[in-house]
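A.B. asks: Have a look at this one before I ask anything.
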Amino acid sequence: MRLVKLEASSVNFPDPETALQEPNGLLAIGGDLTAPRLLSAYQYGVFPWFEPGEMILWWSPDPRAILVPGERHVSRSLKRFMRKMPFRFTLNQQFEKVIRACAMQREDGTWIGPLVQRGYQELHEAGRAHSVEVWEENELVGGLYGVSVGGLFCGESMFSRRENASKAALMVFCQHFSRNGGELIDCQVLNPHTASLGAREIPRRQFLQQLSELSQRALAPDCWLPQDLSPHDEDLPVFPKDRE
């Protein structure tokens, strides 16, 4: 296994199975964050992650964290919250504000620097990067963004300025994505937050196989059009105590 330096003349990536074991999944360095290269990366099962001002690093870890929309976990407290919450949700209406908010939320620094924001904004304008916005009246209080590859959505980051805002955004997005033919959400690396929502790990090889199949999947024509999103009560089953 060896680390590959990307060429400026090509947006191709090496086989993800050749990524380093330590650090886990580091595959390549260099290149740029133009929309064609970013899209190629996600089609290979690769994503960028690096500190602002440093060389771009490309990763494909093993195992890979994924979330199947139908397996998402909604706690009792979150179910109750979502039935009475003051939020409304939209899709693809404020991508730039969402990615900027994701960058600002992290007190310990962020990899979502200006270069990254420009790259994903370009990908959004090409119709391949998408955002979910959470509103409290007219204030943006939460959201998430990521990249679509057919029937797979590669989640990148989320933010929350109100309790449960990002969790609710993901739950509502799962409903919308699944109803329009989406089957899998890539969470990249498992953490306690995504695990609490139902994410789990699978071998990289299995993820790449699913990516190959789902990348050819066509979603409903209006899946990514700017629109309002509404939670569906039938997807939030009531626990017996909720009736009390």
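A.B. asks: Quick check on the range 159-205: take the gyration tensor over C-alpha atoms, sort the square-rooted eigenvalues as a ≥ b ≥ c, and tell me if it's rounded (a/c under 1.5), prolate or oblate.
C.D. replies: oblate
A.B. asks: A follow-up question, please. Please list the equivalent ellipsoid semi-axes of the range 99-159, computed as the square roots of five times the alpha-carbon gyration tensor eigenvalues, in descending order and whole angstrom.
C.D. replies: Taking √(5λ) for each eigenvalue gives 19, 16, 11 Å, largest first.
A.B. asks: How much net charge surrounds Asn138 when only the other residues with a Cβ under 13 Å from the Cβ of Asn138 are counted, with Lys and Arg +1 and Asp and Glu -1?
C.D. replies: -2
A.B. asks: OK, next. Quick one: go through the range 1-45 and flag any residue whose amide nitrogen is under 12 Å from the point 7 Å out along the Cα-to-Cβ line of Met55.
C.D. replies: 3-7, 27-31
A.B. asks: Give, in nm to one decimal, the length gained when the segment between Asn12 and Arg200 is fully stretched (0.36 nm per residue of separation minus the Cα-Cα distance).
C.D. replies: Here the segment from Asn12 to Arg200 would lengthen by 64.8 nm.
A.B. asks: Then there's this: Ignoring ligands, DNA and RNA, how do Glu122, Glu133 rank by accessible area with a 1.4 Å probe, largest first?
C.D. replies: Glu122, Glu133
A.B. asks: Separate question: Using +1 on the beta carbon of Lys and Arg, -1 on that of Asp and Glu, and nothing else charged, what's the dipole of the chain about the Cα centre, debye to 20?
C.D. replies: Approximately 500 debye in magnitude.
A.B. asks: Just to be sure I understand the model, the point goes 7 Å from the Cα along the line to the Cβ. What's the resulting Asp228 to Leu20 distance in nm?
C.D. replies: Once both label points are built, they end up 5.0 nm from each other.
A.B. asks: Would you calculate a helix-derived [θ] at 222 nm for the chain, using -39,500 (n - 2.57) for each DSSP H run of n ≥ 4 and dividing by the full residue count, to the nearest 500?
C.D. replies: Mean residue ellipticity at 222 nm (helix-derived): -9000 deg cm²/dmol.
A.B. asks: Given axes a ≥ b ≥ c from the Cα gyration tensor, I'd like to know whether the range 77-181 is rounded (a/c under 1.5), prolate (a/b larger than b/c) or oblate.
C.D. replies: oblate
A.B. asks: With every protein chain left in place, what is the accessible area per residue of the chain in square angstrom, probe 1.4 Å?
C.D. replies: 49 Å²
A.B. asks: Still on this structure, please answer the following. Across the chain, how many lysine pairs, 8 or more apart or on two chains, come within less than 17 Å at their alpha-carbon atoms?
C.D. replies: Taking the Cα cut-off of 17 Å, the pair count is 4.
A.B. asks: Further question: Would you mind counting up the charge near Phe89? Only other residues with Cβ under 9 Å from its Cβ, with Lys and Arg at +1 and Asp and Glu at -1.
C.D. replies: Net charge in that neighbourhood comes out at -1.
A.B. asks: Quick one: if the Förster radius is 51 Å, what FRET efficiency do Asn138 and Arg2 give, using the C-beta to C-beta distance and rounding to 0.05?
C.D. replies: 0.45
A.B. asks: What distance in nm separates the two pseudo spin-label positions at Thr110 and Lys84, each 7 Å out from Cα along the beta-carbon direction?
C.D. replies: My value for the distance between the label points is 3.2 nm.
A.B. asks: Under the rule a/c < 1.5 gives rounded, and otherwise a/b versus b/c splits prolate from oblate, where does the range 140-219 land using the Cα gyration tensor?
C.D. replies: oblate
A.B. asks: Taking the chain, how much of its Cα-Cα pair set, in percent, is spaced more than 33 angstrom apart?
C.D. replies: Roughly 16 percent, once rounded to a whole number.
The values are calculated or read from the model by the stated rules, or taken from the named source; none is laboratory data. Everything numeric in this text was worked out from a predicted model, so none of it was measured. Ideal geometry is used to build each Cβ from the backbone, glycine not excepted, and the neighbour counts take in all protein chains shown. Just so you know, the surface numbers come from the protein's heavy atoms only, side chains and all, with ligands and any DNA or RNA stripped out. Shrake-Rupley method; radii C 1.70, N 1.55, O 1.52, S 1.80 Å.
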